[in-house]
Every structure is written in C-alpha cells, then in structure tokens.
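What follows is a short report on a single structure.
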Amino acid sequence: MTYCIAVSVKGGLVLTSDSRTNAGIDNVSVHCKMHVMPTFDDRKIILLSAGNLATTQAVLDQLRRDIKEGSKINLNTVHYLSEAAEYLGQVSLAKQKRHANAGQNGFFPAATFLLAGQIDGEPHGAYLVYPEGNYITTSTQTPYLQIGENKYGKPVLDRFLKTDTSLEDAVRCCLISMDSTIRSNASVGAPVDLLIYGKDSLMLDEYYCFQEDDEYLIQLRRIWHEKLREAFTTLPQVSREYSRPFPFHEH
C-alpha cells in the first residue's frame, strides 16, 4: 500500500509520500513514490504515485520519453497544470489498457497520481488523476489531496488545514498525518519523502527524506502522542443524569 499527500496553500505546496511497496505479506520493498519531472526551467512539475508499480513505471517512462523526443504534447508544451493532468490521465489510461489486454488473471493495472507544481505566469496547484483518466483539484474548503491508504491520516488534515495555513504548519500537519497512517497500517512505511515548494519560486530546494529512526520524526510522534493523551484526560465525563434504562422491546 501507499500513502501520498499534496497540500496547496497560499504560500505554496507541501508534498509527502511514503516509500513502501507491498505485493504481499512476504514481498515488501522500498520504492520512491515522489518523482520530479525533467521539465524546462519555466516550470516545476512533481508526481506522486500509488497503485500498480508496473503501470506507474510505464507511465513515468512515457512522460520522460515524450519530453526527450519533443512530442507534440508533453509536460514542456502544456500551458496549464490542468492540461498536464489531462495529458497524464490519457497516458495512464493507455498504459492500463495495454496491461489489462495482456490477459493476466488477478492482475489489476490501476494507478493513481497526484500532480503538483507551477508553470511560470500561472498559479501553483495540485491535481488528483484517477485511474479512469479524469481528475480533480484542491478547493478553498479542502486544500489537500490524498492517494493510497488515506483514511487514517485524513482527520488531522481536515481539522487543521486551511488555504491560509502557513507552509511550516502544513509540513507538520502532513508529517503527523503520515505518522498516523504508518502507526495504523503496516503496509505504509519509511523512508518518508517531503518536498516544500514556495509560491512563484520555480525552485525545488527544500527536500527531506526521513528514515524510520529519524530524530525529528521521533520527537514529533512523541509530542503529538503526549498532547493527545493530555487533551483526552481533560474531556468531560458523560453525566449519568442524562442516562435512562435501555428500551428493550420484544420481537
């Protein structure tokens, strides 16, 4: 399984991904899910991937080949991030159909992507591209996107992320979300990749790779755990004055 997050706030982008690939209980390996595309200097485009690893690698290879060969449509020729998401969806769908037509029983070629970045002169942003090729973007109400094992890390994102959240707070929120997922699902795990992109910078100069025993992650996990327990002990008890006998009914 996989867990990836893309956050788009006023100050820029925060991208986070785990690195564990699970093809069975006895077949666990490490693969980076964060991919910086080799585009012109007037744009920065990053992909996060989840799903079938063979499909993901085939899609990435096609995108890079299209750039290298100067195909009519590639990540260097699109004018908007939405165009890039549309193009990515088409490539992904084509690769999935090709693998599906191979006729392998029990093989599921579906792959999902997060595409984020900025093209010079346009706003930064993030898109979720579904296996079917369609896509969505973030909104004022929900300034983040998730793919993979998203349920365990969603509550903290819902509670704290707003469009005016600072990049620093968005980073902490993403790492807590990732740690919550790792804690609840053994198929998600370190190394954890983190990339911070400042609005209009067209620079990718703040990248981190956290190992499982990283001192900062351990500190973050410990403090979050302690503060949650502290908050829990201050919650009011249920008052018995509101209780009543259980309404047993004969059937």
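A few points about this structure:
- Accessible surface ranking that places the most exposed of S180, S19 first, with a 1.4 angstrom probe: S180, S19
- Cα gyration tensor of the stretch 26-148 - equivalent ellipsoid semi-axes, whole Å, descending: 24, 17, 13
- Over the chain, the ratio between the Cα radius of gyration and 2.2 N^0.38 Å evaluates to 1.16.
- Residues D179, D193, ordered by accessible area of protein heavy atoms at a 1.4 angstrom probe radius and largest first, appear as D179, D193.
- Taking the longest Cα principal axis of the chain as reference, the axis of helix 53-69 is set at about 40 degrees.
- Relative contact order %, the chain, counting alpha carbon pairs below 8 Å whose residues are six or more apart: 26 percent
- Dipole magnitude (debye, nearest 20) for the chain, charges at Cβ of Lys, Arg, Asp, Glu: 560 debye
- Here the contact order of the stretch 128-209, divided by its residue count and restricted to Cα pairs under 8 Å and six or more residues apart, works out to 21 percent.
- The R98 and Q141 beta-carbon pair, evaluated with R₀ = 30 Å, returns a calculated FRET efficiency of approximately 0.20.
- If the segment from R222 to R183 were pulled out straight at 0.36 nm per residue, it would be longer than the present Cα-Cα gap by 12.8 nm.
- Surface accessible to a 1.4 Å probe, per residue, for the residues of the chain, Å²: 58 Å²
- Global form of the stretch 93-163, assessed from the alpha-carbon gyration tensor, a/c cut-off 1.5: oblate
- Taking the chain as a Gaussian network of alpha-carbon nodes connected by springs under 10 Å, the highest mean-square fluctuation of the residues T233, T163, T138 belongs to T233.
- Carbon and sulfur %, accessible surface of the chain computed with the full protein complex present, 1.4 Å: 53 percent
- Computed FRET value (nearest 0.05) for S29 with R64, which takes r as the C-beta separation and R₀ as 22 Å: 0.50
- Relative to one another, the C-alpha centroids of the stretch 163-192 and the stretch 116-150 are positioned 17 Å apart.
- In terms of its C-alpha gyration tensor, the stretch 1-71 comes out oblate, because a/c is 1.5 or above while a/b does not outweigh b/c.
The values are calculated or read from the model by the stated rules, or taken from the named source; none is laboratory data. All values reported here derive from a predicted model rather than from experimental measurement. Cβ atoms come from the backbone with ideal geometry, glycine included; neighbour counts cover every protein chain shown. Keep in mind that these areas ignore ligands, DNA and RNA; they rest on the heavy atoms of the full protein, side chains included. Shrake-Rupley method; radii C 1.70, N 1.55, O 1.52, S 1.80 Å.
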